[in-house]
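J.: Dumping the structure here so I can ask a few things about it.
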Amino acid sequence: MREFINKDGVSQLSRRDFIALAGLGAATVAFAPRFVFAQKKGIVQTMIDSAAQAKIETHTLRRNISVLEGSGGNIAVLTGKDGKLLIDSGFTVSKPRITEALNGLSSDPITQLINTHWHVDHTDGNAWVHSAGAAITAHVNTKKHLSTSTRVEGWQYTFPPVPAGALPKTVFDDAHRVQHNNTQIALKHYAPAHTDSDISAVFEEADVIHVGDTLWNGIYPFIDYSTGGSIDGTIRATEHNLSVVTDKTIVIPGHGPVGNKASLAEFRDMLVTIRNNVATLKKQGKSLSATIAAKPTAAYDAKWGQFLITPAMFTGLVYSGV
Ligand SMILES: [Zn+2]
């Protein structure tokens, strides 16, 4: 698999977060056991280790579309005579279990791969999926970030360029259409949201949309300011998602269980409320530590703060953008 370089070890940000977290006492730590774990070895390694352990769960959605959950971002699969089309490729460590899950769906070879954005938990498997026969399609900025050494400050990680075979061959700027297995797939770039490379993929006949990491269903999202993401961009993308779905649309998030319009609305309300809470505290002149200590996310933590991005980290991500 691809090698990862962590050039700095523990950065300024994580030290500040640690100090802030330490000041909050045991109650907050109890909410955030995985945060402490993640900070010791880094978020990227934590995600890889988690994928290395995880079973791949298959959820059948509608028509010939399924979702594989358990290796980084959710992977959508469209089966049929033209071969399997995948949306996102997860982590390479999951290859044997993803292969087994794919074989459980059908015997079609893999022929197409679309990346929702450039992040490693959605593209690390590109090399093997390409070797298995897939042509890769993505936004032009996904190719740009995968082609060069790219730093993600929020993960304290610098990703080296990927091998040529792992790069998307077909790239687009605003919109692109793919016809595959008698299915129309409409790809659309978001204005910068979670990164500057996010796209949605709509399976039109099935009324299923993969919104990538513009939705973390029921969990606080990561926002990648290093490659164009922001809290306000994430809110705008969510408003866009709400405007293009109906009550019948199946919504595949980047992370978390498959959802629907109500999931998007709940995510939007959480984002907007916390954004406003944090902005108010920052306008009062509060430091990041003081803002975290004021618990601007408190009403949402029991539900949303139980995954990789903890209340303190999410507060920090929002603070950076208001
Ligand atoms: Zn992402």
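The values are calculated or read from the model by the stated rules, or taken from the named source; none is laboratory data. Source: prediction; values computed, not measured. Please note: Cβ atoms are built from the backbone with ideal geometry, for glycine as well, and neighbour counts cover all protein chains shown.
J.: Tell me, which helices (runs of 4 or more DSSP H) lie completely within region 221-322 with 1 or more residues that are of a type in the set (Lys, Arg) and over 18 Å from Thr116 (Cα atoms)? If you could, list the steps in order and put the result at the bottom.
T.: Numbers: elements: 231-244, 261-283, 288-293, 298-304, 311-319.
Result: 261-283, 298-304.
J.: Counting only residues that are assigned to a strand (DSSP E or B) and within 16 Å of the ligand (Cβ to nearest atom), which one in region 206-220 is nearest to Gly254 (Cα to Cα)?
T.: That would be Trp216.
J.: From the list Pro221, Pro311, pick out the single residue that is crowded, with 16+ Cβ neighbours inside 10 Å and within 16 Å of the chain's Cα centre (by Cα).
T.: Pro221
J.: Here's something else I'd like to know. Please go through region 202-241 and pick out each residue that is of a type in the set (Val, Ile, Thr), out of contact with any strand residue (DSSP E or B) (no Cβ under 8 Å at 6 or more places or on another chain) and over 18 Å from Ala265 (Cα atoms).
T.: Scanning region 202-241 gives a single hit, Ile223.
J.: Name the residues in region 224-237 that are of a type outside the set (Gly, Ala, Ser) and surrounded by fewer than 24 Cβ atoms within 10 Å (Cβ to Cβ), would you? So that I can check it myself, show each step before the final result.
T.: Going residue by residue through region 224-237, those that are of a type outside the set (Gly, Ala, Ser) are 224-225, 227, 231-232, 234-236.
Tyr225, Thr227, Asp232, Ile235, Arg236, listed by residue number.
J.: From the list Lys144, Lys169, exactly one residue is among the charged types (D, E, K, R) and either within 23 Å of Pro221 (Cβ to Cβ) or buried (at least 24 other Cβ atoms within 10 Å of the Cβ) (or both). Which is it?
T.: Numbers: Lys169 fails: either within 23 Å of Pro221 (Cβ to Cβ) or buried (at least 24 other Cβ atoms within 10 Å of the Cβ) (or both).
Criteria check complete, one pass: Lys144.
J.: Can you list residue pairs whose Cβ atoms sit under 7 Å apart, with the first residue in region 183-195 being more than 13 Å from the ligand (Cβ to nearest atom) and the second being among the acidic types (Asp, Glu)? Count only pairs 6 or more apart in sequence or on different chains.
T.: From region 183-195, the pairs are Thr183/Glu205; Gln184/Glu204; Gln184/Glu205; Ala186/Glu204; His189/Asp173; His189/Asp174.
J.: Go through Thr291, Thr246, Thr297, Thr273 for me and flag whichever is under 26 Å from Thr58 (Cα atoms), out of contact with any His (no Cβ under 9 Å at 6 or more places or on another chain) and not charged (D, E, K, R).
T.: Thr246
J.: Looking only at region 106-126, filter to residues that are aliphatic (A, V, I, L, M) and closer than 23 Å to Ser50 by Cβ; which one of those is nearest to the ligand (Cβ to nearest atom)?
T.: If we take residues in region 106-126 being aliphatic (A, V, I, L, M) and closer than 23 Å to Ser50 by Cβ, then Val120 is nearest to the ligand (Cβ to nearest atom).
J.: Next question, about the same structure. Only strands (runs of 3 or more DSSP E) wholly contained in region 136-205 count here; list those with 1 or more residues that are in contact with a helix residue (DSSP H, G or I) (Cβ under 8 Å, 6 or more places away or on another chain).
T.: 150-152, 157-159, 170-172, 199-203
J.: Tell me whether region 112-128 contains one or more residues that are more than 19 Å from Thr214 (Cβ to Cβ), among the charged types (D, E, K, R), surrounded by 21 or more Cβ atoms within 10 Å (Cβ to Cβ) and at pLDDT 95 or above. I'd like the intermediate steps shown before the answer.
T.: Within region 112-128, the subset more than 19 Å from Thr214 (Cβ to Cβ) is 112-113, 124-128.
Among the residues that remain, those that are also among the charged types (D, E, K, R) are: 124.
Right, trim to surrounded by 21 or more Cβ atoms within 10 Å (Cβ to Cβ) and you get 124.
Right, trim to at pLDDT 95 or above and you get 124.
Yes, region 112-128 contains a residue that is more than 19 Å from Thr214 (Cβ to Cβ), among the charged types (D, E, K, R), surrounded by 21 or more Cβ atoms within 10 Å (Cβ to Cβ) and at pLDDT 95 or above.
J.: Suppose the filter is closer than 18 Å to Leu264 by Cβ, within 9 Å of the ligand (Cβ to nearest atom), out of contact with any Lys or Arg (no Cβ under 7 Å at 6 or more places or on another chain) and among the charged types (D, E, K, R); does Asp198 pass it?
T.: Numbers: closer than 18 Å to Leu264 by Cβ: yes; within 9 Å of the ligand (Cβ to nearest atom): yes; out of contact with any Lys or Arg (no Cβ under 7 Å at 6 or more places or on another chain): yes; among the charged types (D, E, K, R): yes.
Answer is yes for this residue.
J.: Give me the pairs, please: first residue somewhere in region 144-159 and of a type in the set (Ser, Thr, Tyr), second residue anywhere and buried (at least 16 other Cβ atoms within 10 Å of the Cβ) and in a helix (DSSP H, G or I), beta-carbon distance under 6 Å, and either six or more positions apart or on two chains.
T.: Sorted first by the residue in region 144-159, then by its partner, the pairs are Tyr157/Val44.
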